[in-house]
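Okay, so here's the structure we're looking at.
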Amino acid sequence: MQKPVIEVNGLKCSYGSFEAVRGVDFEVNEGELFALLGTNGAGKTTTLETLEGHRRPTEGSVRVLGMDPSTQRKQLRSRTGIMLQESGFAGDLTVAETVDLWQAMSSRPSDPAESLERLELAHRRDVRVKQLSGGERRRLDLVLATLGRPSMLFLDEPTTGLDPESRKAAWEFIRELLNEGVTMLLTTHYLDEAESLAHRLAIMKEGRIAVAGSLVDVLSKERAQIGFDLPLGAQAVDLPEFVGELDRDKLAAGRVQVQTPNLERDLHAVMQWQSAHQLPLPRFRAQHASLDDVFHGVADSSRAEPLTSAETLAANDSK
């Protein structure tokens, strides 16, 4: 049985009369990466800051590694790593001096040489931080957050500003940490990042969790899509019967678009129809739902529906 590293029960956070987090209940299990996604202002930062111990909850309880982060920050500091969206580096220090300074303030023994090498910063050891690019500073953030391999790691948009190769290196570094048993809570605006790294995820909007679960669970609730332009000479009335829903508005404009709960069956129907009529299928496309589809469906919806109390996260970030 998996052991929860983060336990949140009935969490509420208010800014004056404004309730930003409204009765949050969720868990993050040992050794997993849990991704917290959402539109700007959805409440991710308020929730994350509460878990990190930077603010006290108005109501409810939060436990990280069995401790209250707001009252036991000192005890947690030796076992957790935090990568903020922005770090306050001393620009005149070199990369090596910055690492040495952070090591001196950490109670976890560590050898950062391998991390600097893996994140392509070893050759920049003697460069002043203020001379680093934005992406290099972000990679240095990740090195510092993971000094001594903490048990719990908070990653707040860790790859913002990185080029594709640096993002790939960061992802591999994070996977190595997961293989070593480090538990992680990730926030990111890159949906492919969550899709690639997360064991479970939640998508937030307007103080609610609209969707939560494993990637398979989340995508299984969304319909697959089939689309193609109606070929010249073909009649709409001749189209096969679909299990899914045919978009009549798009059909009127000459585009066949089907949202289907059974991609294999409706795809077979299209192929049989195409073969019988010997017609091309211009701009043909068939695909399962993507996390991008789910996310934008949440963002475009007028209201986010809460799930069960065990999976509900309500926040509306004031930042």
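Any read-out appearing in this document is the output of simple, stated calculations on the displayed coordinates, not a laboratory observation. Owing to the predicted nature of the structure, the values given are computational and were not obtained by experimental measurement. Cβ coordinates were reconstructed from backbone atoms using ideal geometry, including for glycine residues, and neighbour counts include every protein chain displayed.
Some values worked out for this structure:
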item: Overall form of region 228-283 per C-alpha gyration tensor (a/c, 1.5; a/b vs b/c); result: oblate
item: Calculated [θ] (222 nm, deg cm²/dmol) that DSSP helices of n ≥ 4 give over the chain, each run adding -39,500 (n - 2.57); result: -9000 deg cm²/dmol
item: Rounded, prolate or oblate (a/c below 1.5 giving rounded, otherwise prolate when a/b exceeds b/c) for region 187-302 by Cα gyration tensor; result: prolate
item: Set of lysines near Lys44 by C-alpha distance (under 18 Å), chain-local residues within fewer than 8 positions excluded; result: Lys12, Lys205, Lys319
item: Computed over region 51-159, Cα set: Rg, Dmax in Å; result: 14.9, 48
item: Label-point separation, Asn29 to Glu165 (7 Å along Cα→Cβ), nm; result: 3.8 nm
item: Relative packing of peptides 114-122, 229-237 - highest average C-beta neighbours within 10 Å first; result: 114-122, 229-237
item: Protection proxy ranking of 12-21, 145-154 - average other beta-carbon atoms within 10 Å, highest first; result: 145-154, 12-21
item: Read-out mean projected area of the Cα convex hull in nm², derived from the coordinates shown; its label in [x] 20.3; [y] 17.0; [z] 15.5; result: [x]
item: Shape call, region 1-123: gyration tensor on alpha carbons, a/c limit 1.5; result: prolate
item: Reachable aspartates and glutamates from Lys3, criterion Cα separation under 13 angstrom, eight or more residues apart if same chain; result: Glu27, Glu30, Glu32
item: Candidate lysines for bridging to Lys250, where Cα separation is under 28 Å - those fewer than 8 sequence places away on the same chain excluded; result: Lys221
item: For the chain, share of DSSP beta bridges that run antiparallel, in % to the nearest 5; result: 65 percent
